[in-house]
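One structure is given here, and the rest of the page talks about it.
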Amino acid sequence: MYKAAFFDTKPYDRKWFDALKDKYGIKIKYLENRLNSDTAVLASGYEAVVAFVSDTIDKDTVAELKRIGVKAIAMRCAGFNNVDLKACGDDIKVYRVPAYSPASVAEHAMALLLTLNRKIHRAYNRTREFNFSLKGLIGFDLKGKTVGVVGMGKIGQCFVDICLGFGMKVIAYDLYPTEYKGVEYVSIDELFRRSDVISLHCPLTSDTYHIMDKEAFSIMKDGVYVINTSRGALIDSEALLEAIKSGKVGGAGLDVYEEETDLFYEDFSDQVLQDDMLNMLSSQPNVLITSHQAFLTNEALEAIAETTLENLKCYFEGCDSKNLIK
Ligand code: NAI
């Protein structure tokens, strides 16, 4: 039987891996620790490790993994911006799960938009206190509004389908545009200028880092709604906060945050939060933050487990895999 050490696992991760591991002949050692240069040593004796978006797989971690003989990292997620691929070199193979359920993320993006726009988060709290006032709860019809989609990959396309169903006009920007029914491709500046709602679905790269910065916000429509289910660092948080305070941004739905690594997925509810930016953002009535949970559906978790185990089996058996990043 092959074996792998799984970092940063929660009970909801284990459910599907436990159900499928025998099918692939993989023995799993679950670790609650996040993978970083201090914890890498916990994988001693394992040739393969499984990691997640919240792990820090930088140069130092990779050096430590190499030292203990790790030869494969299977990411149980799509993004791999937290892995230093250069440091892995030819010694460590890196796999990922390119697609598991684009619908899970696209539907969460729409859930954030609908909740924010129709103030469901505020109405929920009010009616529980028998406050049935409608003051401050006015939204707008999505029908007929222009949504700008940045990144027309699997998730972006799924989000477009949902928006078209709502009767929205869709414009999009992609580095490699491919024709899509109902979508008009425009430049990123035109997208920022024309959109009533902007949703980010591109990966985090050196090109897209802070793609929404002060300058970008300055050319957007007053009251624009911004949704980010991709990666936190696509948005300059300071510029976003300023844009919210000035009214330029009418609502922000964030499933990701640039400084999320040490916070998201953990419970800090009995502590004073030290991150002033997150404090400021989350205390605004028109900002809705979820803890990188857009992927969290049964369908997505099952698909993640299936592909990750398949990737591990492929590594151990030396077969070709389209999920090998390098
Ligand atoms: P994908 O690879 O199918 O699509 C990405 C699209 O972005 C491609 O069409 C690509 O051409 C485009 N793109 C690349 N560089 C660009 C640039 N500089 N400017 C504009 N467009 C660019 O990826 P997929 O599956 O649609 O995922 C998108 C992102 O969603 C991932 O990179 C990841 O960061 C995020 N994600 C978030 C999850 C969550 O739970 N919040 C879960 C899964 C993915």
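The values are calculated or read from the model by the stated rules, or taken from the named source; none is laboratory data. The shown structure was predicted, so the numbers you read here are calculated from the model rather than taken from an experiment. Cβ coordinates were reconstructed from backbone atoms using ideal geometry, including for glycine residues, and neighbour counts include every protein chain displayed. Heavy atoms of the whole protein, side chains included, go into the accessibility calculation; ligands, DNA and RNA do not. Shrake-Rupley method; radii C 1.70, N 1.55, O 1.52, S 1.80 Å.
In segment 27-121, what GluC sites (Glu not before Pro) fall in a loop by DSSP, with at most 12 other Cβ atoms inside 10 Å?
E32
Under 1.5 on a/c is rounded, so check that first for the chain, then, if it is not, pick prolate when a/b is larger than b/c and oblate when it is not; a ≥ b ≥ c are the square roots of the alpha carbon gyration tensor eigenvalues.
In terms of gyration-tensor shape, prolate.
Quote the charge dipole size of the chain about the Cα centre in Debye, to the nearest 20; the model charges only the Cβ of Lys and Arg (+1) and of Asp and Glu (-1).
That gives a dipole near 860 debye.
I need two numbers for segment 161-305: Rg to one decimal and Dmax as a whole number, Cα atoms only, in Å.
16.1, 50
What percentage of the solvent-accessible surface of the chain, computed with a 1.4 Å probe over protein heavy atoms, is contributed by carbon and sulfur atoms? The partial results should precede the final answer.
Details: 8050 of 15760 Å².
Ligands and nucleic acids excluded, carbon and sulfur reach 51 percent.
Could you tell me which trypsin sites (Lys or Arg not before Pro) in segment 181-288 are loop residues by DSSP with no more than 12 other beta carbons within 10 angstrom of their beta carbon?
Details: sites: K181, R193, R194, K214, K221, R231, K245, K248; in loops: K181, K221, R231, K248.
Sparse-neighbourhood loop trypsin sites (Lys or Arg not before Pro): K181.
For G139, what is the net charge nearby, where nearby means another residue's Cβ is under 14 Å from its Cβ and Lys, Arg count +1, Asp, Glu -1?
Charge balance near G139 sits at +4.
Exactly which GluC sites (Glu not before Pro) in segment 205-271 are in a DSSP loop and have at most 13 other Cβ atoms within 10 Å?
In loop regions of segment 205-271 (DSSP not H, G, I, E or B), the sparsely surrounded GluC sites (Glu not before Pro) are E259, E266.
Going by a ≥ b ≥ c, the root eigenvalues of the Cα gyration tensor, does segment 56-100 fall in the rounded group (a/c under 1.5), the prolate group (a/b larger than b/c) or the oblate group?
prolate
Please sort 74-87, 18-31 by packing, taking for each peptide the average over its residues of neighbouring beta carbons within 10 angstrom, highest first.
On the way: 74-87: 19.0, 18-31: 15.3.
Those peptides, ordered most packed to least, come out 74-87, 18-31.
Give me the 1.4 Å probe accessible area per residue for segment 104-152, excluding ligands and nucleic acids, in Å².
Numbers: 2780 Å² over 49 residues.
Heavy-atom SASA per residue in segment 104-152 reads 57 Å².
How large is the accessible surface per residue of segment 157-246, computed with a 1.4 Å probe and reported in Å² as a whole number?
On the way: 4280 Å² over 90 residues.
That works out to 48 Å² for each residue.
Please say if segment 10-85 is rounded, prolate or oblate, where rounded means a/c under 1.5 for a ≥ b ≥ c the square roots of the C-alpha gyration tensor eigenvalues, and otherwise the choice is prolate for a/b larger than b/c and oblate otherwise?
Prolate is the answer for segment 10-85, as a/c is 1.5 or above and a/b outweighs b/c.
Quickly rank 3-9, 35-41, 267-273 as a protection proxy: mean count of other C-beta atoms within 10 Å, highest first.
Ranking, from highest mean packing down: 3-9, 35-41, 267-273.
Could you state the accessible area per residue of segment 1-56 in Å², with a 1.4 Å probe and every protein chain left in place? If you can, show how the numbers build up before the last one.
Numbers: 2550 Å² over 56 residues.
Accessible area per residue, segment 1-56: 45 Å².
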